[in-house]
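Could you have a look at this structure, given as structure tokens, before my questions?
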Amino acid sequence: MARYKVWIDCDPGVDDAAALMLAAKMPEIEVVGISATAGNVELKYTYRNARNLAAYVGLDVPVYKGANAPLIRKPVYAKEVHGKTGLGGEALPMSAAPDMTKPAWDALYEAAVKSQGEIVLIFIGPLTNLALALRKYPDLPQYVSRLILMGGSSSFGNTTSAAEFNIVFDPEAAAVVFESDLTISMLGLDVTMQASLKQDDLEMLARIGGETGRFLKDSLQVSLNWLKTLGLDAVAMHDPCTLLYLVYPAMFKSEMAGVKVETRGELTYGKTVTDLYSDTRFPVQNVDVVLEIDHAEFMKVFAEILGKYKESSHGA
Ligand code: RIB
Ligand code: CA
């Protein structure tokens, strides 16, 4: 019996793909729904990728289409990192699952109510769908156990010098989420950049993960090749950190802090401003800001879970 009922909202995205691969092989997790949002690439690709990935890894759950644009600003995609269609140019078999017509924010709310407050929301892309759900259903937080999101940073950015991609793609949506009554764990760049894979690690994935491992390696290779042009030698497993934090919290270190999202600044637009390093604190420190991961432990668990694909044909 899985310990956690989980809803995953994503923008696949090569590291989103890795997260879904983990979710499908973690017995502690029961994925009750998946939703896609515009983010790394357009919604038409993230939705297709989410459907095809779910089928590919054997997640027999409905996949819902969410927002195709941020609440206010224009979308700015990350094709240089994830490739034109989001999976590093790798193609998957097309899912035969029926298209879900219900919008993601309605489906997410219904799943939360049905879970009677047990559901864990895992958000690994921009927060537009969650902001839309909170606006339409103000009582959503009472049906949610907790939100674990990949996004933000207590220090540096990756999309601007101040802001991280998932937040700055839709800062207004992020502000709605951080101002809500949800119990939030924020896994920002502070911790996710520590969960990184070098070239040798990618080769290891291809060796241990069967056809699925080879697919992931090939998808991540496109990201790593681009990062190498920036002088970097590793690709961060941003999104998988959220699921690992849920199931293996001892692998991480975190601190409670106040977090607000900048929605007016010119240089700081989309920055998650925390009061972690300030003697002037916000009124409440209600966000669990995750700051460190044990890299050796991360590599061990990451490889262990993905190694399960070796034993089975991909996904099943
Ligand atoms: O900044 C990293 C985040 O942005 C990850 O979720 C990645 O998939 C992109 O969405
Ligand atoms: Ca993502």
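Which condition number in (1) within 16 Å of ligand 2 (Cβ to nearest atom); (2) not in a helix (DSSP H, G or I) is the one that GLY89 fails?
Unmet condition: (1).
So that you can scan it fast, the table gives a plain yes or no per residue for (1) within 20 Å of THR128 (Cβ to Cβ); (2) modelled with pLDDT under 95:
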residue	(1), (2)
MET1	no, yes
TRP7	yes, no
MET21	no, no
PRO27	no, no
SER35	yes, no
GLU42	yes, no
TYR45	yes, no
ASN49	yes, no
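Mind checking which pairs have a first residue in region 227-254 that is more than 16 Å from ligand 2 (Cβ to nearest atom) and a second that is acidic (Asp, Glu), Cβ under 6 Å, 6 or more apart or different chains?
From region 227-254, the pairs are VAL247/GLU28; MET251/ASP294; MET251/GLU297; LYS253/GLU292; SER254/ASP288.
With crowded, with 16+ Cβ neighbours inside 10 Å, hydrophobic (A, V, I, L, M, F, W, C) and over 26 Å from ALA19 (Cα atoms) as the only criterion, which of LEU291, LEU276, LEU267 stands out?
LEU276
Yes/no per residue for (1) assigned to a strand (DSSP E or B); (2) more than 17 Å from ALA173 (Cβ to Cβ):
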{"position": "CYS241", "(1), (2)": "no, yes"}
{"position": "TYR245", "(1), (2)": "no, yes"}
{"position": "ALA250", "(1), (2)": "no, yes"}
{"position": "ARG264", "(1), (2)": "no, no"}
{"position": "VAL273", "(1), (2)": "yes, no"}
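Could you go through region 199-214 and let me know if any residue there is touching a Ser or Thr at 6+ places or on another chain (Cβ under 8 Å) and not aromatic (Phe, Trp, Tyr).
yes
Looking at region 23-49, I want the residues that are touching a residue at least 40 places away in the same chain (Cβ under 8 Å) and have a partner that is part of a strand (DSSP E or B) and within 13 Å of ligand 1 (Cβ to nearest atom) with Cβ atoms under 6 Å, at least 6 apart or on another chain. Which pairs are those?
SER35/ASP9; THR46/ALA36
Out of region 157-176, which residues are surrounded by fewer than 24 Cβ atoms within 10 Å (Cβ to Cβ), touching a residue at least 60 places away in the same chain (Cβ under 8 Å) and not hydrophobic (A, V, I, L, M, F, W, C)?
Across region 157-176, the qualifying residues are GLY157, THR159, THR160, SER161, GLU172.
Yes or no: region 181-200 includes at least one residue that is in contact (Cβ under 8 Å) with a residue 24 or more places away in the chain, within 16 Å of ligand 2 (Cβ to nearest atom) and of a type in the set (Asp, Glu).
Checked region 181-200: no residue is in contact (Cβ under 8 Å) with a residue 24 or more places away in the chain, within 16 Å of ligand 2 (Cβ to nearest atom) and of a type in the set (Asp, Glu).
May I ask you to verify whether GLY151 is buried (at least 24 other Cβ atoms within 10 Å of the Cβ) and either within 15 Å of ligand 2 (Cβ to nearest atom) or at negative phi (or both)?
yes
Now a separate question. For region 107-117, how many residues are out of contact with any helix residue (DSSP H, G or I) (no Cβ under 6 Å at 6 or more places or on another chain) and either part of a loop (DSSP other than H, G, I, E, B) or surrounded by fewer than 17 Cβ atoms within 10 Å (Cβ to Cβ) (or both)?
Total satisfying the criteria: 4.
Which one of these is among the charged types (D, E, K, R), at negative phi and touching a residue at least 60 places away in the same chain (Cβ under 8 Å): ARG135, ARG73?
Answer to the check: ARG73.
Tell me the strands (runs of 3 or more DSSP E) entirely within region 1-85 that contain at least 3 residues that are closer than 23 Å to GLU172 by Cα.
The strands (runs of 3 or more DSSP E) meeting that bar are 4-10, 29-36.
May I pose another question? Consider SER95 against the criteria (1) farther than 22 Å from CYS241 by Cα; (2) among the hydroxyl-bearing types (Ser, Thr, Tyr); (3) surrounded by 19 or more Cβ atoms within 10 Å (Cβ to Cβ): it satisfies all of them except one. Which criterion is unmet?
Only one criterion is unmet by SER95, namely (3).
Checking PHE165 against (1) within 16 Å of ligand 2 (Cβ to nearest atom); (2) aromatic (Phe, Trp, Tyr); (3) more than 30 Å from THR212 (Cα to Cα), which test does it fail?
Only one criterion in (1) within 16 Å of ligand 2 (Cβ to nearest atom); (2) aromatic (Phe, Trp, Tyr); (3) more than 30 Å from THR212 (Cα to Cα) is unmet by PHE165, namely (3).
Inspect all residues belonging to region 216-231 and state whether any of them is more than 22 Å from ASN158 (Cα to Cα) and either surrounded by fewer than 20 Cβ atoms within 10 Å (Cβ to Cβ) or at pLDDT below 95 (or both).
Yes, region 216-231 contains a residue that is more than 22 Å from ASN158 (Cα to Cα) and either surrounded by fewer than 20 Cβ atoms within 10 Å (Cβ to Cβ) or at pLDDT below 95 (or both).
Also: Based on this model, can you work out whether ALA19 counts as crowded, with 23+ Cβ neighbours inside 10 Å, away from ligand 2 (no atom under 13 Å from the Cβ), closer than 28 Å to THR159 by Cβ and of a type in the set (Gly, Ala, Ser)?
Judged against the criteria, ALA19 is not a match.
Can you confirm whether SER155 is within 16 Å of ligand 1 (Cβ to nearest atom) and small (Gly, Ala, Ser)?
Here the answer is yes, as SER155 does meet what is asked.
The values are calculated or read from the model by the stated rules, or taken from the named source; none is laboratory data. Fair warning: this is a prediction, and the values are worked out from it, not measured in the lab. Please note: Cβ atoms are built from the backbone with ideal geometry, for glycine as well, and neighbour counts cover all protein chains shown.
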